[in-house]
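Okay, structure first, notes after.
The values are calculated or read from the model by the stated rules, or taken from the named source; none is laboratory data. Given the structure is predicted, the values throughout are model-derived calculations rather than measurements. Virtual Cβ from ideal backbone geometry, glycine too; neighbours counted across all protein chains shown.
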Amino acid sequence: LTERAVQAGILKGFFQRSTRFVKNIKSKPLWNVHETGMIEVLNKISKKWKMFAKEAMLLKKYGKFISDHENLGNRKKWHVYYLYEHGKKHKGNCVNARYTCRIFNDLSICPKCLVMFSMMESGTHVFPHIGPTNERLRVHIGLDIPEPYTQAAAASPSKLRVGNEYI
């Protein structure tokens, strides 16, 4: 059904079938940092990952994460801690992650941003899904990832699949 909708021009592509699709925005499942137009911002963020990890580990230690409410993965193994949602700061949560919130506040990168810590326990599987819009890019920064026992990402114990690519 999806393939027919793509052929008919109703959907942009198999991996681009979000509910809110803006036509003038280039859409693709995987971008490299140079294509985003945000290389300076992303470089600043990636240089701070150790401090982000430190705050996330403290939040975990003190039981601040909540169960994921989107039901995108197998039950009770995916936990989140929201800092910004729809571009608005969660002030109460930012009290517990001051450094991370300050970095994102200073960047003021977008009015619809979602910034959160996401923690997945061993054995977590996230079901294939598509975001609700093509208006934002999702950036993942791994803070504590087990080392792969192989160079092949698809065979690694921890892997991220985007479309049909493993990264």
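In the range 31-69, the residue that is surrounded by the fewest Cβ atoms within 10 Å (Cβ to Cβ) out of those that are part of a loop (DSSP other than H, G, I, E, B), in contact with a strand residue (DSSP E or B) (Cβ under 9 Å, 6 or more places away or on another chain) and charged (D, E, K, R) is Lys64. The condition of being in contact with a strand residue (DSSP E or B) (Cβ under 8 Å, 6 or more places away or on another chain), touching a residue at least 12 places away in the same chain (Cβ under 8 Å), under 18 Å from Arg136 (Cβ atoms) and polar (S, T, N, Q) holds for Asn105. The set of residues in the range 70-93 that are surrounded by 15 or more Cβ atoms within 10 Å (Cβ to Cβ) and either part of a loop (DSSP other than H, G, I, E, B) or under 16 Å from the mean Cα position of the chain (by Cα) (or both) comprises Gly73, Lys77, Trp78, His79, Val80, Tyr81, Tyr82, Leu83, Tyr84, His90. The set of residues in the range 75-98 that are without any contact (Cβ under 8 Å) to a residue 12 or more places away in the chain and aliphatic (A, V, I, L, M) contains only Val95.
Quick one: in the range 117-146, which of the residues that are more than 13 Å from Lys159 (Cα to Cα) and not in a loop (DSSP other than H, G, I, E, B) is modelled with the highest pLDDT? The selected residue is Phe117.
Just to check your reading of the model, which residue among Lys88, Lys60, Lys54, Lys47 is at pLDDT 75 or above and within 21 Å of Ile167 (Cβ to Cβ)?
Result: Lys47 is the single residue among Lys88, Lys60, Lys54, Lys47 that is at pLDDT 75 or above and within 21 Å of Ile167 (Cβ to Cβ).
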